[in-house]
Structure formats: structure tokens, C-alpha cells
Amino acid sequence: MKRNSLSSFHVSLWLLFTAVILQAVESAKGKYAHMLFNELFEDYSNALRPVEDTDKVLNVTLQITLSQIKDMDERNQILSAYLWIRQSWYDAYLKWDKDKYDGLDSIRIPSNLVWRPDIVLYNKADDDFSEPVNTNVVLRYDGKITWDAPAITKSSCVVDVSYFPFDSQQCNLTFGSWTYNGNQVDIINSLDSGDLSDFVEDVEWEIHGMPAVKNVITYGCCSEPYPDVTFTLILKRKSSFYIFNLLLPCILISFLAPLGFYLPADSGEKVSLGVTVLLALTVFQLMVAEIMPPSENIPLIGKYYIATMTMITASTALTIIIMNLHHCGSEAKPVPQWARVIILDYMSKIFFVYDVGENCTSPKREKEEECKLEGDDKCQRRHKEVRNHLSNRNDDCDLKEKLNGNLSKSYGVHGENVRETVNCCSCYKMLIKNIEYIANCVRDHKANRAKGIEWKKVAKVMDRFFMWIFFIMVFFMSVLVIGKAA
């Protein structure tokens, strides 16, 4: 027990002694840091480029770390990003011997106390021209200064929306000195690309790289070269949101347009369906127009909307024409022979369009037509027999009239019998005329009715033909649009 208590006592003394020594070291380093700061900045000026020889180039190493994409405004073509900008250079007037200051090799001081390169974002698209954030800089004993500063940048980005929502964008971030030329301040890439290790994943965009390229440009105003570093941010849009909210509803609505041809003409809803579908697509077209910039490049989904709306407009116009064919009555001309052969004989079989009660698998319709034809032949034969009989009776009446007329002239008798015979023959004539009139009316009515039925069948065949044509068009347009996602 005594031995354990003595060992714990020694440990406590050792820890206390270590803490006192560390505190003394820290206080000593703080003392040397104040001494160093006073000596370094006694005659220092941050207004001039910190080089001993003015003809010597000051190299500034630049590194960009992309932390987050805050917004991509396609309509105004502005990219908002959260960056960490690291700049490092050597100051010839801020060096010291660390052995003289108890091994102190670095200090942290406010950035406005030292000279800083005026490196700015060339393609800045922000109204705020405020100074960069005055974060501390790390100053090393050999004169190396490292300045890490966060920045929220708004840069101009040429947005190409030709393949929206399956598009990729390339936005440039160009950094360079605003007043110093390449003979005074040279910019060096720290890495071949921007640092994406701390990037926060974006909900709309995927990052496929951020290569960096150094450019040396000679402007027309000056003969000196001006270097800059351009970071190209390669973005790929995540299209799932737009597929489920803009593209799929349009595809489903567009498949309703061909079904307007399948509606019966007597329902009165064929044109209404086409107009309703057209209005629905117009709403989606306006939604896309609000997102996209007003450029000449029409996005892929916009082209699909326009093609679908054109197709629906054409289907509505064709529906109106076909409805006029359907409602052709007795006053219309007969169906032309070419239409009867091509549409009624061939196309009706291809598109399985049959009359009421007609079936594609049973020959009942043909038998009924044969029976009808046989019945019509019988009726016509009976009608001819009646007409022949009545005509024979009429001829007999004419003979009797002649004979009675001769007898009345010859003998002057039987006047009453002659009148009765004449009246009987006139009744037969009137009866024949009435029967012929009724037969002609029935015949004309059947012909007109058959003419209307033929026009209705023509309209029905054309409805089925255009329905399949428009279904194929909608299918291929949808496949082409969705195929762009692959």
C-alpha cells in the first residue's frame, strides 16, 4: 500500500513539473514572437513588391480547392461556387534566423500587414467589389508566406443547353494579377487541377474534373505578357429530377394524342381531347422556357415538346377532316372507285375494320350478304312479274277500250259497260304509277343509306390508319429523347 501511494505521488510530481516547463516554453516563445514581430515590421512597407532586385520576377504559387457549388443560374449564365484560395510567395524582407528566436520557425499575422499579390477572378460576374477576406497569413523564417482565404465567387459561364436535361457544362475560373505583368509577378500552378478532395456533393451536378491550364496572353494595350491560370470545371447534370418531372409527363400525355383517333366520331370528344392535350403540353413548354436562357439553341426537351405539339395539332386537324367524312349524308357524292378499292377493300382488312356484326374469323357476314342478294333478286323478279302482269292487264284494257269504242261507234250500245271498263283501266294505271314511285323511293333511300355507311367506314379506316401512324411517331420520338441519357 505504501509503495503504491509513493509511486502515484511521483507521477503527480512529474506531471506538474512537465506542465510548468511547457508553460515556461510557451511564454518564452510568446516573448520571442513579439520581439520578432517588432523587429520585422519596424521598417517594413507592404506597398511595394518584396524583392531585393526590381528586375527579378516574384513567383506566386496558386492552388484552388472547390468546396461547394452553390448555384448554377442557366438563365443568367452565372456559376456561384464556394472556393478555398491558397497563395504562397517569398518575401525577401521577412526572413529571420530561427536559432536567435529560440527555434521559432513561423508566426501568424493579419494579411493586411504584408504585401499581397492582386490576383483576382477575371470572369467575375458579381456586383460586389469588396476586398478579399482578411484572414491571417502564415509567415515562415525563410520568408515564405502562405495565405489561405475562403471566397464565394460568381463567375460568368457560357451555358449550352442544346441537350438539356442530359447536358454537360464547362465553366472557366480564370485567375490572374490585375496590375502586375509577367515580368513582375508570375503565377505558377501548384497542381495540375483543382483540389476536389473536400467537395460537398451537389444535388444537381456531378463533378468530372477541374483541370488547370496556365496561359500567357499579350493584350493589345501592352507589350508585356500577362499570365493567368484557368481552372475548367467540368459539370454533368443529374437528369433524374427533370426526367420524372418534365419528360415522363410529356411522354405519357403525348401517347393520349393518337387515342383521339380511336374515339367514336359520335362521342363528340375527339377534338376536345386533342385540344386538352395541346394545352397540357403548352404548360410544360412554358416551365422549360422559364428555366432556359433566351438563346438560339433550343434544348432537347424543348424540341421534343415542339415536335409533340406539332404532331397533336396535325392530329386534331386530321380528326376534323375525318369527322366531316363521317358525317357525309345523302347529299354527298359516292365514294370514288379508287377509295373503295384501296381503303374499303385493302386497308380495312389490314387495320381490322369491319362493319357492325362483321367478324374477321367467321363467314357469317358473307352468307348474310349472299342471302340478301338472293332475296333482292327474288324481290326484283317478283316485282318484274307484277309489273308484267299489270302491263298485260293494261294492254288488255287498251284493247278493250278500242273494241268497245268500235262497238259504240258501230252499234251505239253498251255505253255504260264501256265507261266501267275505262274506269277500271285507269285505276290500274294509277296503281302502277304509285307502286313504281314507292319502289323508286325505297331504292333511293337504300342507295343513300349505303352511301352514308360507306363514307362512315372510310372515316373509320382512316382513323385507324392515322392512329397507328401517330403511335409510331410518338414511340420513336420518345426513344430518341431517352436514348440521349445513355
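Among the GluC sites (Glu not before Pro) in the stretch 247-354, those placed in a DSSP loop whose Cβ has at most 15 other Cβ atoms within 10 Å are E269, E296, E331.
Suppose R0 equals 30 Å; then what is the FRET efficiency for N46 and K70 from their Cβ-Cβ distance, rounded to the nearest 0.05? Once the sixth-power term is evaluated, E becomes 0.40. Taking 7 Å steps out from each Cα toward its Cβ at Y219 and R340 produces label points 8.5 nm apart.
Split the accessible area of the stretch 73-218 by element, probe 1.4 Å, and carbon with sulfur accounts for 47%. Amide H to amide H distances under 5 Å link F164 with L300, I301, where only residues 5 or more positions off or on other chains count and H is placed in the peptide plane. Once the Cβ-Cβ distance of C427 and F255 is raised to the sixth power relative to R0 = 56 Å, the FRET efficiency obtained is 0.20.
Here the stretch 451-471 is scanned for amide nitrogen atoms under 19 Å from the site 7 Å beyond the Cα of K333 along Cα-to-Cβ, giving 451-459. Can you check what the net charge comes to around W84, using other residues whose Cβ is under 12 Å from the Cβ of W84 (Lys, Arg +1; Asp, Glu -1)? That sum, taken over residues with Cβ under 12 Å, equals -2.
Take every pair of alpha-carbon atoms less than 8 Å apart whose residues are at least six positions apart; their mean separation over the length of the stretch 263-353 yields a relative contact order of 37 percent. Each Lys or Arg adds one and each Asp or Glu takes one away; over the other residues whose Cβ falls under 10 Å from the Cβ of V138, this sums to +2. Past the 29 Å Cα-Cα mark, which pairs from K154/K236; K124/K214; K95/K154? The pairs that break the limit, which is 29 Å between Cα atoms, are K95/K154.
The residues neighbouring R464, those whose beta-carbon lies less than 12 Å from its own, together hold a net charge of +2 under the Lys/Arg +1, Asp/Glu -1 convention.
Phi angles of the stretch 461-475 translate, via the Karplus equation with coefficients 6.51, -1.76, 1.60 and θ = phi - 60°, into HN-Hα couplings of 5, 5, 4, 5, 4, 5, 4, 6, 4, 6, 4, 5, 5, 5, 5 Hz per residue; Gly and Pro are given as x. Less than 5 angstrom separates the built amide H of L58 from those of V185, D186, all sequence-distant by 5 or more or on a different chain.
Full extension from I350 to L480: what is 0.36 nm times the residue separation minus their Cα-Cα distance, to one decimal in nm? Using 0.36 nm per residue and subtracting the Cα-Cα distance, I get 44.0 nm. Computed over the stretch 118-227, relative contact order equals 25 percent, with contacts defined as Cα pairs under 8 Å that lie 6+ residues apart.
Measuring nothing but how far apart in sequence close Cα pairs (under 8 Å, 6+ apart) lie, relative to its length, the stretch 171-255 scores a relative contact order of 36 percent.
The values are calculated or read from the model by the stated rules, or taken from the named source; none is laboratory data. Worth saying up front: this structure is predicted, and the values here are computed from it rather than measured. Glycine also receives a Cβ, built like all others from the backbone with ideal geometry; neighbour counts cover every protein chain displayed. Surface areas here come from the heavy atoms of the whole protein model, side chains and all, with no ligands, DNA or RNA. Shrake-Rupley method; radii C 1.70, N 1.55, O 1.52, S 1.80 Å.
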